[in-house]
């Protein structure tokens, strides 16, 4: 793995992280660094362990039977695997999934519910929910129907609501697992624009299969690959560097569409 | 051509289901037409059921059904929550427990009756009583209730569970706001089926609640339910068939009402605003 970026102290550092499910190794010895406010795209073919790597950061993998995570994961200088309080960790690290998954509650309750669960003072909840909806550009579209079911929104609106639901807890890091892949092109462009607007304010790690999207959005790119049956990181570098002057032949072939 | 065959097959199957139901309702109605009236619902039975109505039996049935559900619903939901939220569906323990519940659901009701008599009536000293009957009935319907509620809970979309974990929601908050409302239709179906089975049950109650015809004064009194009354009138009382049919009409009407009530409840908004 090459590392040519020089920045401040990284917000998120993965050191030789391996994720295994029983005997099956999903990804081995993955290392990367994400700077504060940076958007890093995690690209690579299916099955190379990108989503497993993402899930190890906020310890979603803890709940998966037979899953083990090795190596170190540092969030703002703290080893997340030593954390005893998952609630705080998951408030710091928001996550959005491939399929929009708003709860079967009203639009506003999708935001108020996590706030209530995290014991945010009642007087602050409404304002924070409204701010989160404004941040994702949904406020003007839904302000007249906040008590309507969230499942009545379009796919793109639902995904933006899910991003708002993650943002409402004021995380430092946002993990996006293929947030546009289940959306139509128009909704995908809207969500892309939203993600671009969040850059700088949040440290973002985004899994995507869409290289063009990675190129449009990312500050840096980490390329994962399958070696045998096991995933690995072949290159992690600035976006321009990866696409214009890749350090690894696999990256060059993958970006040229000749592999993967 | 295939569409026409499928259409025809659909109607034939529908007729196969509906015709016996229609015949049964018609037969019951014809036999009970002279007996059914408002007075039949409001009067207590007389002369071993040959005269009067079924008011005392409605009271006994109500008590037994309410107590049965009062015990079975919370216990059943608790067990279903444990199974669905703590044990992966493919785990050995979940499969073993599921197998045991399926086996218990298939145990003949008379066995529950015998056990209920031995345990509740004799060992616990509750005698032939509303309480013995309700507890024995709740044991009988528990496996059905647990399995239907568990399956309804397991069917809640995985995406909601992912969001729950990512947001670090509390178990109680998740269960109260998302899981139970999502699983409510399946749980309600389980409750309706259980209530229906309890309402229609005879063998268990003969052993535990007895068949005294008068109104129960307390939970420790013996009481006769509608289904036991139907059995007794039809089998032991000469000339009791019209009143047995009339009681059966009331029993079926109660089941239909119960079904409609639950459907109405399910149409209400499932979640309330937090603000």
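Descriptive notes on the structure:
Residue-by-condition table, conditions (1) farther than 23 Å from residue A:159 by Cβ; (2) buried (at least 23 other Cβ atoms within 10 Å of the Cβ):
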{"position": "A:33", "(1), (2)": "yes, no"}
{"position": "A:43", "(1), (2)": "no, yes"}
{"position": "A:50", "(1), (2)": "no, yes"}
{"position": "A:53", "(1), (2)": "no, yes"}
{"position": "A:58", "(1), (2)": "no, yes"}
{"position": "A:67", "(1), (2)": "yes, no"}
{"position": "A:71", "(1), (2)": "yes, no"}
{"position": "A:92", "(1), (2)": "no, no"}
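- Test: residue in the stretch B:130-147 that is part of a loop (DSSP other than H, G, I, E, B) and more than 14 Å from chain A (Cβ to nearest Cβ): no
- Single residue of B:55, B:94, B:89, B:48 found to be under 30 Å from residue B:157 (Cβ atoms) and touching a residue at least 24 places away in the same chain (Cβ under 8 Å): B:89
- Taken as a whole, the structure places residue A:232 among residues that are closer than 21 Å to residue A:28 by Cα and not in a helix (DSSP H, G or I).
- Residue match in the stretch B:62-74 (condition: in contact (Cβ under 8 Å) with a residue 12 or more places away in the chain, in contact with a helix residue (DSSP H, G or I) (Cβ under 9 Å, 6 or more places away or on another chain) and farther than 30 Å from residue B:180 by Cβ): no
- For residue A:131, the stated conditions hold: it is more than 20 Å from the chain's Cα centre (by Cα) and either away from chain B (no Cβ under 11 Å) or at positive phi (or both).
- From the options A:89, A:105, residue that is touching a helix residue (DSSP H, G or I) at 6+ places or on another chain (Cβ under 7 Å) and closer than 23 Å to residue A:151 by Cβ: A:105
- Within the stretch B:148-176, being at the interface with another protein chain (Cβ under 9 Å from one of its Cβ atoms), crowded, with 20+ Cβ neighbours inside 10 Å and either under 30 Å from the mean Cα position of the chain (by Cα) or touching a residue at least 60 places away in the same chain (Cβ under 8 Å) (or both) holds for one residue alone: B:174.
- Residue list for the stretch A:143-154, filter: more than 25 Å from the chain's Cα centre (by Cα) and away from every other protein chain (no Cβ under 14 Å): A:143, A:144
- Among residues of the stretch A:28-51, those that are under 17 Å from the mean Cα position of the chain (by Cα) and not in a loop (DSSP other than H, G, I, E, B), counted: 12
- Flag for residue A:54 being within 14 Å of another protein chain (Cβ to nearest Cβ) and either part of a strand (DSSP E or B) or within 30 Å of residue A:252 (Cα to Cα) (or both): yes
- Restricting the stretch A:95-124 to residues that are outside any loop (DSSP other than H, G, I, E, B) and facing chain B (nearest Cβ under 7 Å), the residue that is surrounded by the fewest Cβ atoms within 10 Å (Cβ to Cβ) is A:116.
- Residue list for the stretch A:66-94, filter: assigned to a strand (DSSP E or B), under 18 Å from residue B:164 (Cβ atoms) and within 16 Å of the chain's Cα centre (by Cα): A:93, A:94
Residue-by-condition table, conditions (1) over 30 Å from residue B:42 (Cα atoms); (2) exposed (fewer than 15 other Cβ atoms within 10 Å of the Cβ):
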position: B:72; (1), (2): no, no
position: B:78; (1), (2): yes, yes
position: B:84; (1), (2): yes, no
position: B:93; (1), (2): yes, yes
position: B:98; (1), (2): yes, no
position: B:103; (1), (2): yes, yes
position: B:128; (1), (2): no, no
position: B:137; (1), (2): no, no
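- Residues of the stretch A:1-19 that are out of contact with any helix residue (DSSP H, G or I) (no Cβ under 8 Å at 6 or more places or on another chain) and either crowded, with 19+ Cβ neighbours inside 10 Å or modelled with pLDDT under 90 (or both): A:1, A:2, A:3, A:5, A:6, A:7, A:8, A:9, A:10, A:11, A:18.
- Residue within the stretch B:217-226 that is surrounded by 15 or more Cβ atoms within 10 Å (Cβ to Cβ), assigned to a helix (DSSP H, G or I), under 14 Å from the mean Cα position of the chain (by Cα) and away from chain A (no Cβ under 14 Å) present: yes
- Answer from A:220, A:187, A:197 - the residue that is surrounded by 15 or more Cβ atoms within 10 Å (Cβ to Cβ) and out of contact with any strand residue (DSSP E or B) (no Cβ under 8 Å at 6 or more places or on another chain): A:187
- Selection within the stretch A:166-196 - in contact with a helix residue (DSSP H, G or I) (Cβ under 8 Å, 6 or more places away or on another chain), in a helix (DSSP H, G or I) and either away from chain B (no Cβ under 14 Å) or more than 21 Å from residue A:61 (Cα to Cα) (or both): A:167, A:186, A:187, A:188, A:190, A:191, A:192, A:194, A:195, A:196
- Residue in the stretch B:182-199 that is closer than 29 Å to residue A:170 by Cβ and either surrounded by fewer than 24 Cβ atoms within 10 Å (Cβ to Cβ) or within 14 Å of another protein chain (Cβ to nearest Cβ) (or both) present: yes
The values are calculated or read from the model by the stated rules, or taken from the named source; none is laboratory data. Just so we're clear, the structure is a prediction, and the values are computed from it rather than from any experiment. Positions of Cβ are backbone-derived with ideal geometry, glycine not excepted, and every protein chain shown enters the neighbour counts.
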